[in-house]
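The values are calculated or read from the model by the stated rules, or taken from the named source; none is laboratory data. Small disclaimer: the values here were computed from a predicted structure and weren't measured. Neighbour counts are summed over all protein chains in view; Cβ atoms, including those assigned to glycine, are modelled from backbone coordinates with ideal geometry. Ligands, DNA and RNA are excluded from the accessible area calculation, which covers all protein heavy atoms including side chains. Shrake-Rupley method; radii C 1.70, N 1.55, O 1.52, S 1.80 Å.
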Amino acid sequence: MTEPTEMQTRKVHWRRDTLKHVLPTSARSFASFGFKLIFAFLTFLLTAPVCFSQNIPQVLKVDPPSWWANHSINPVRVLLRGANFRDARVTGAEGVRIGATSVNAAGTYLFADVQIDPGAKPGIRRLHIVTSRGATDAPFEVLQPLVRAGHFQGFSPDDVVYLIMIDRFSDGNRANNDPAQSRGLYDRTNKFYYHGGDLQGVINHLPYLKDLGVTALWLTPWYDNYDRLNEIELKDGTPCTGFHGYNPQDFYAVEEHFGDLAKLRELVASAHKLGLKIIQDEVVNHTGPYHPWVDDPPTPTWFNGTRQHHQKNVFQTWTLHDPRPVESLKKETMEGWFLDFLPDLNQRDPEVARYLIQNTLWWIGVTGLDGVRMDTWQYVPNTFWRQWTAAIKREYPKLTVVGEVKDGDAIHTSYFQGGVVRDGADSGLDSLLDFPLFYPIRHAFAEGKNLDEVPKTLAKDYLYSNPDILVTLLGGHDDGRFMSEQGATIAGLKLANAFLLTTRGVPQLYYGDEIGMTGPDEPTARADFPGGFPGDKRNAFTIAGRTREEEDLFQYLRELTHLRGELQPLKRGTLINLYVNGQQYAYARKIRSKAREVIFNSDYAIVVLNNDSKPAVIEFDVEPAGLSDGEDLRDQLNLRNVVQVKDRRLKVTIPARSAAIFANQ
Ligand SMILES: [Ca+2]
Ligand SMILES: [Ca+2]
Ligand SMILES: [Ca+2]
């Protein structure tokens with residue numbers, strides 16, 4: 001085989017781009033639209049080479065590729081990427097009318113308001129683009145909306161979330177490990193390359209997750225990331241890949257290493273069938289370094305700066321909540337490029353804002369997902385968030401959003417929760433990852449430091465507009481694993497989980513922590529789940545494949561999730577502190593009726609934690625929890641352990657580094 005000429009290379013590249021992008025992503029994936037698709041494909045393949053060779057308009061990409069009639073956003077603002085759009089006029093098709101349009105100076109982008117009639121029937125339309133030099137068509141699909149029941153559900157303290165890094169959980173389809181679109185990025189021996197994990201791998205293990213007792217899956221971003229080695233960001237001195245998903249090159253496509261839109265829809269539907277919700281991980285602060293916009297932005301103000309001229313983010317995040325900030329520092333923090341190379345999107349540009357809002361609503365609408373985890377929340381202005389959250393809630397009122405503000409200071413973190421006007425707007429944000437609680441959990445339960453650091457952190461709950469919806473965690477994909485902290489033991493990890501699953505908030509587990517996986521830093525904390533990949537020596541998804549210690553930990557965690565499922569107060573009860581000293585902490589979770597009386601005996605639980613390396617006997621007043629003398633309480637983790645309330649007090653003997661969860665049943 002001879003090397004292709006430059007023209008051939010361009011044509012091959014263009015065809016691939018066309019096949020992948022011009023047709024609606026959703027349409028490509030729906031078998032039922034097969035006939036229409038074949039027709040559209042043939043038409044484009046026949047007309048495209050002619051278009052390419054002349055100055056007539058050409059279309060490479062349609063964002064969004066599809067939308068719905070009777071949607072709260074109508075018209076939808078469609079962005080076409082291509083060439084030769086100067087002086088373009090666009091006409092619609094049946095049930096689809098074109099409003100305001102604009103074209104960028106280079107003629108490479110065309111914005112068009114697409115108004116969908118209430119009665120428009122689902123199906124593919126052809127938007128007709130005419131310039132003084134010629135004409136072309138772009139496909140746009142009117143979609144049938146998903147039924148609301150069982151979709152767009154939101155998450156709540158009733159849920160237990162489980163975070164999965166898609167590439168590292170399970171390889172369910174070896175055929176997509178080295179895709180034609182992006183050859184050479186797969187290498188399981190390199191911790192910065194793709195390892196083959198995919199959406200099929202998650203589908204295959206839904207029964208495992210159901211059995212573990214989790215109820216919602218947070219998946220790392222499934223956006224299409226760059227198809228090449230990243231030579232801008234070097235890891236250990238060599239280029240890396242976008243296996244983590246946080247560097248999108250296309251906000252409207254699924255990463256080809258993970259699957260496609262049809263597979264994603266299958267995953268959401270299969271999860272829902274088992275009662276598991278899906279939370280999408282999104283990024284709107286920045287794009288990946290190789291997004292086509294970077295060197296050819298749709299508007300002059302699309303990014304904050306350019307590849308050549310921009311500020312670097314040096315993370316002066318304290319200026320964001322400072323009532324009298326040094327404006328230059330604040331601007332640098334809001335608009336500087338992460339790591340000096342992640343292009344910072346300018347959400348103050350109304351076209352950018354519309355693009356991002358529609359993108360979020362599109363993913364929700366086409367998949368039926370239940371919640372959003374938003375990356376790098378604090379680096380995006382509240383005035384944008386207000387519009388974004390309002391747009392979500394208008395269309396999907398139950399859907400919930402959790403924002404990532406990676407900061408251990410509750411004064412800073414709480415600033416970003418909705419319900420309060422901050423920096424000119426109420427962000428409308430439901431929930432935050434509870435990093436202020438994450439660090440004390442690590443210090444106390446992993447390192448064995450004083451446990452009272454934990455209730456001291458919870459004492460700052462008054463800062464939040466709603467602390468009960470915060471997502472609590474003891475591990476995640478950006479930090480070393482719990483078991484790699486100095487001093488960490490399985491007993492400490494069990495205790496940390498006992499706390500996490502009984503305190504206020506929405507607990508979030510990190511894949512592999514249920515078997516005590518280790519990994520001291522970010523890359524090693526993203527190791528492959530044993531048994532998820534071809535050739536693995538053992539399969540820790542099964543009892544037979546787990547060590548005795550792993551099985552013991554797994555069963556303990558399983559017991560906790562099931563207890564939380566059964567005991568309503570552990571999910572919805574008010575948190576009442578009963579006893580705190582250096583290494584012991586006791587609290588009640590209690591559901592009160594409107595008359596503030598206990599409704600049923602089982603509507604409280606009392607949790608006692610001993611973080612000390614020796615047994616402890618503690619005694620405390622239980623009147624604040626509404627318990628009366630003579631009541632017998634049984635430890636749900638050790639049913640032989642029964643205690644009785646005497647003189648309104650409870651006396652509990654608790655072994656070293658262990659927990660008891662008392663309930664009246
Ligand atoms: Ca795979
Ligand atoms: Ca890709
Ligand atoms: Ca920013």
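In the chain, the portion of solvent-accessible area held by carbon and sulfur atoms comes to 53 percent [1.4 Å probe, whole percent, DNA, RNA and ligands not counted]. Hey, how many Å between the Cα centroid of segment 169-230 and the Cα centroid of segment 613-665? Each part's Cα centre sits 45 Å from the other's. For the set Lys191/Lys614; Lys61/Lys406; Lys210/Lys263, the pairs lying more than 30 angstrom apart at their alpha carbons are Lys191/Lys614; Lys61/Lys406. For the listed peptides 436-442, 544-550, a ranking on the average number of other beta carbons within 10 Å per residue, highest first, reads 436-442, 544-550. Taking all protein chains together, Asp178, Asp227 sort by accessible area into Asp178, Asp227, largest first [probe 1.4 Å].
For the peptides 77-86, 119-128, the ranking by packing is 77-86, 119-128, with the highest mean count of neighbouring Cβ atoms within 10 Å listed first.
Percent of alpha carbon pairs in segment 213-298 separated by more than 17 Å? When every Cα pair of segment 213-298 is considered, 54 percent fall beyond 17 Å.
Shape analysis of segment 537-593 based on the Cα gyration tensor places the equivalent ellipsoid semi-axes at 33, 17, 6 Å, largest first. Taking the Cα centre of segment 365-509 as origin and assigning +1 to Lys and Arg Cβ atoms and -1 to Asp and Glu Cβ atoms, the resulting dipole is close to 220 debye. For the pair segment 351-417 / segment 504-532, the C-alpha centres are spaced 25 Å from each other. Per residue, the chain exposes an accessible area of 39 Å² to a 1.4 Å probe, with every protein chain left in place.
Residues whose amide H comes within less than 5 Å of that of Lys312, counting only those at least five positions distant or on another chain, are Trp337 (H built at 1.01 Å from N in the peptide plane). Seen from Lys312, the other residues with C-beta closer than 14 Å to its C-beta sum to a net charge of -3, counting Lys and Arg as +1 and Asp and Glu as -1.
Taking the Cα centre of segment 390-443 as origin and assigning +1 to Lys and Arg Cβ atoms and -1 to Asp and Glu Cβ atoms, the resulting dipole is close to 160 debye. Proximity of backbone amide H atoms, modeled 1.01 Å from N, is registered between Leu509 and Val161, Tyr162, Leu163 at under 5 Å, excluding neighbours fewer than 5 places apart on the same chain. Give me the Debye-computed log₁₀ of I(q)/I(0) at q = 0.19, 0.22 Å⁻¹ for segment 310-438, equal point scatterers on Cα only, no solvent, two decimals. Here the Debye-derived log intensity ratios amount to -1.16, -1.46. Each Lys or Arg adds one and each Asp or Glu takes one away; over the other residues whose Cβ falls under 11 Å from the Cβ of Thr457, this sums to -3. Each Lys and Arg adds +1 at its Cβ and each Asp and Glu adds -1 at its Cβ; summed about the Cα centre, segment 258-341 shows a dipole of about 280 debye. Just to confirm the number: angle between the C-alpha axis of helix 261-273 and the first principal axis of the chain, 0 to 90 degrees, nearest 10? Taking Cα atoms only, the helix is inclined about 30 degrees.
Projecting label points 7 angstrom from Cα along Cα→Cβ for Glu566 and Lys398 puts them 2.6 nm apart. Ordering 320-327, 497-504 by mean Cβ neighbour count within 10 Å, with the highest value first, yields 497-504, 320-327. Only helical runs count toward this figure. For the chain, summing -39,500 (n - 2.57) over DSSP H runs of n ≥ 4 and dividing by all residues gives -7500 deg cm²/dmol at 222 nm.
Cross-link partners of Lys460 among aspartates and glutamates, defined as those whose alpha carbon lies under 19 angstrom from its own and excluding same-chain residues fewer than eight positions apart: Asp322, Glu404, Asp407, Asp409, Asp430, Asp434, Asp452, Asp468. Each principal axis of the Cα cloud of the chain was evaluated for its coordinate range; sorted largest first, these ranges are 91, 54, 49 Å.
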